[in-house]
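Below is one structure, written out as structure tokens, with a few remarks after it.
The numbers here are math on the coordinates, done by the rules we state, and not lab data. If you're wondering where the values come from, they're calculated on a predicted model, not measured in any experiment. Reconstructed Cβ throughout: ideal geometry from the backbone, glycine too, with neighbour counts over all protein chains shown.
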Amino acid sequence: MLGQFDGAVFRAETAKLPGNSGAAFYAAQTFSKMPPGDARCVRIGWAQVSMPGMPFNQMMYFPTELTLRTLSASVRLCSQPVAEIANLCAQPICLD
């Protein structure tokens, strides 16, 4: 939902809108002001997935930057991977 929050009460201005879909994405947390002066709102979600043969079955998603954008004459919450992910690899890897 999009709306206004005055510090105590949230007043919805839209109906509930779809977000991440799928059973695996949950327990997301948001972060802001990291470091001070960085105005982004960043979200990271948690997932539980089947990983046969592996000693784990959970993971964290790539962090994404959340923004509000006007699309088709209505405001929507948009999410895209944070720019820092580009620093994880020096050059693209192509698998044949």
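Can you work out which of the residues in region 5-47 that are in contact with a strand residue (DSSP E or B) (Cβ under 9 Å, 6 or more places away or on another chain) and at positive phi is surrounded by the most Cβ atoms within 10 Å (Cβ to Cβ)?
ALA27
How many residues does region 54-96 contain that are of a type in the set (D, E, K, R) and surrounded by 12 or more Cβ atoms within 10 Å (Cβ to Cβ)?
Number of matching residues: 2.
Filter region 26-84 down to residues that are aromatic (Phe, Trp, Tyr) and farther than 20 Å from GLN4 by Cα and give me whichever is farthest from the chain's Cα centre (by Cα).
Across region 26-84, the extreme among qualifying residues is PHE56.
Just give me the residues in region 8-67 being within 22 Å of GLU84 (Cα to Cα) and basic (Lys, Arg), in sequence order.
LYS33, ARG40, ARG43, listed by residue number.
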